[in-house]
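*Asks:* Pasting a structure here, questions to come.
The values are calculated or read from the model by the stated rules, or taken from the named source; none is laboratory data. The structure displayed is predicted, hence computed values, not measured ones. Reconstructed Cβ throughout: ideal geometry from the backbone, glycine too, with neighbour counts over all protein chains shown.
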Amino acid sequence: MPAEKDNLFKIFSQNESKIAQLYALYALAIPSQEKMWTRLSGEEIKHAMVLQKLDTVYGDSEKLYTAIEGARNILDYVGNFIDEQLAAAQSRDINVQEAISTAMRLEQSMIERKCFDIVSSNEPEIISILETLNKETENHFQILKMHINDSEIY
Ligand SMILES: [Fe+2]
């Protein structure tokens, strides 16, 4: 189903950009965790950039990868969730617990919904990039988990 694959890497990349934006807002909202959010945000920018590269290099080479059915819906679902959280962070105060739990939910949804497993490929560069993204998403989840009991210090 070619329509399913339309702009897949591009939407992946846009989602990562939006996560980077969200974490940057959290860095401003929560000075006591500024370092952590800034680091996570920077890594999400890198994810967005490599996915943008995948889109540029392989976006039109549909023979080089396959996507599971509903891939686009999954990415859109995650994208909508990020939009809601961005709107919340822009319009009201966000506390430590809310930021951490939202981010954990987000990183976990990337893992559980297998955002980086919805595409399969035999192309070594695609495989390697998706594996790196998978590992770093898991790593983000672990970092957030370590901060789950951080207290509210402003
Ligand atoms: Fe990411």
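*Asks:* Got at least one residue in the range 124-145 being assigned to a loop (DSSP other than H, G, I, E, B) and either within 21 Å of ALA27 (Cα to Cα) or among the charged types (D, E, K, R) (or both)?
*Replies:* no
*Asks:* Select from the range 22-42 the residues that are of a type outside the set (Phe, Trp, Tyr), within 13 Å of the ligand (Cβ to nearest atom) and surrounded by 18 or more Cβ atoms within 10 Å (Cβ to Cβ) and write down the one among them that is nearest to ASN134 (Cα to Cα).
*Replies:* Filtering first and then ranking leaves LEU40.
*Asks:* Let me confirm something: among ALA89, ALA48, which residue is more than 16 Å from the ligand (Cβ to nearest atom), part of a helix (DSSP H, G or I) and either among the small types (Gly, Ala, Ser) or within 12 Å of GLN14 (Cβ to Cβ) (or both)?
*Replies:* Result: ALA89 is the single residue among ALA89, ALA48 that is more than 16 Å from the ligand (Cβ to nearest atom), part of a helix (DSSP H, G or I) and either among the small types (Gly, Ala, Ser) or within 12 Å of GLN14 (Cβ to Cβ) (or both).
*Asks:* Can you tell me which of (1) at pLDDT 95 or above; (2) aromatic (Phe, Trp, Tyr); (3) closer than 25 Å to ASP117 by Cβ is the one PHE81 doesn't meet?
*Replies:* Of (1) at pLDDT 95 or above; (2) aromatic (Phe, Trp, Tyr); (3) closer than 25 Å to ASP117 by Cβ, only one is false for PHE81: (1).
*Asks:* LYS53: away from the ligand (no atom under 13 Å from the Cβ), more than 16 Å from GLU98 (Cβ to Cβ) and surrounded by fewer than 14 Cβ atoms within 10 Å (Cβ to Cβ), yes or no?
*Replies:* No; evaluated as a whole, the condition is false for this residue.
*Asks:* Can you tell me which residue is farthest from the ligand (Cβ to nearest atom) among those in the range 92-122 that are modelled with pLDDT under 90 and surrounded by 17 or more Cβ atoms within 10 Å (Cβ to Cβ)?
*Replies:* Here the answer is SER121.
*Asks:* Only one of LYS135, LYS63 is free of Cβ contacts under 8 Å to residues at least 24 places away in the same chain, within 15 Å of the ligand (Cβ to nearest atom) and out of contact with any helix residue (DSSP H, G or I) (no Cβ under 9 Å at 6 or more places or on another chain); which?
*Replies:* LYS135
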